[in-house]
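What follows draws every value from the coordinates through simple rules; no lab data is involved. These numbers come from a predicted model, not from an experiment. Cβ sites come from the backbone with ideal geometry, for glycine too, and all protein chains shown count toward neighbours.
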Amino acid sequence: MRIDPNLASINMNRKSVNILVWLGAVSLVSIPCVSGWVNAQSTIASTPPGGNQVAGNPVSSNSANSPVLGKQNVAGPASREMIDPNMLVFYALKSSIAGSKISYKVHQLTNAYNQQVILSGEYKSTGNWTGQFRYTARVSAGETTMDVIQISDGRLMYTQFGADSPPKLVNVEKVREQLIPRIYRPEENQDVYVLLAIGGQAELMRSLYQRYNWHRAEEGKIGGLDVWQLLGKLRTEPPKYLGTAEIDQQLVAMNPDTENLPSHVRLTLGRPVSGQNETSIPYFPYQIEYFRLERNKEGHVVRLAPLSKIEYLEPTRNFKESESDFIYRVEPTIERIDEETSRYVPRVQP
């Protein structure tokens, strides 16, 4: 999702705006507070100062070496079933569409180009294939703030950055129509989940799944919660399930060596525990940490620099919602609405 040019007025230079676009700060990609540095030889279990570390065992990987993080110990216990971390992220994507309703708070802090950008917001979704959600946030930089809202009633999705910018509209129903009859047999057409991930938490997971190759998973506990911590780096090959819309092409088009943009990600997902009382919400993205490449004068990568940290707080299934929560009201002062449906419509494969 593109960010409105008016966002540049938040005391941020254009480079900082590009960072927010990449992180999807307004598409609900966020909750943050990053401190310290990650050494180039650290593994997913290593944690920058102020971060959270999983106490547990590495259970899977499909890449024995990382060009930045160094050689990984990928051998899990022989009794454990090997898990593809990419599929864990895909399950999180599916859960954001077909799972139960959920509500939570969002907090993100991003540091880039000597700019500190803080985002605080709230999110609620009815889930269960409805496509209904409401996301409101306030973005602050210095003494300047801007309110952001993204709402979908399952048919139309509106996004607005600041009171004076034109809303952006996506006709979700039109996209759904393009997916009939595959939408009625999703388990035989898994790419449908990718194409239906429009806005909110679902689009966040669409971005993480397609943009990064998840090559290591570690299971354990954080704060009493059963979780996986996954490590991802920018893809050089497409994922198993690839969307065919314009937005999907943009997600996988970035050069892995791009400087100053997040090349690596650490994702904390809720982990289901069979036969026990679950302490976490399965496949819920509790935390996302973004890192960028840092090079020396010779151009060699020396470490990963923390860029942004997103936290999703106080998630709950127990909340009340009404139809009015998911209705967007166009203010009389709005002169135009920018149509963006074409970016989400799947393209016919040759």
### Message
Could you give the length gained by full extension between T144 and N296, i.e. 0.36 nm per residue of separation minus their alpha carbon distance, to one decimal place?
### Response
51.4 nm
#### Entry: E289, E331 arranged by Cβ crowding within 10 Å, fewest neighbours leading
E331, E289
### Task
Pull out the extension gain between K221 and D84, defined as 0.36 nm times the separation in residues minus the alpha carbon to alpha carbon distance; nm, one decimal.
47.4 nm
### Query
Residue by residue, what Karplus-based ³J(HN,Hα) values in Hz, rounded to whole numbers, does the range 142-150 have, using 6.51, -1.76 and 1.60 with θ = phi - 60° and x for Gly and Pro?
x, 9, 9, 10, 8, 8, 10, 9, 9
### Query
Extension gain E278-E331, at 0.36 nm per residue separation less the Cα-Cα distance, in nm?
14.7 nm
### Message
As a footprinting exposure proxy, order I198, I102, I222, I337 by other Cβ within 10 Å, with the fewest listed first.
### Response
I337, I222, I102, I198
### Query
Within the set K124/K174; K101/K320; K168/K240; K233/K309, which residue pairs have Cα atoms separated by over 21 Å?
K124/K174; K168/K240
### Query
How do I118, I180 rank when sorted from fewest to most other Cβ atoms within 10 Å of their own Cβ?
I180, I118
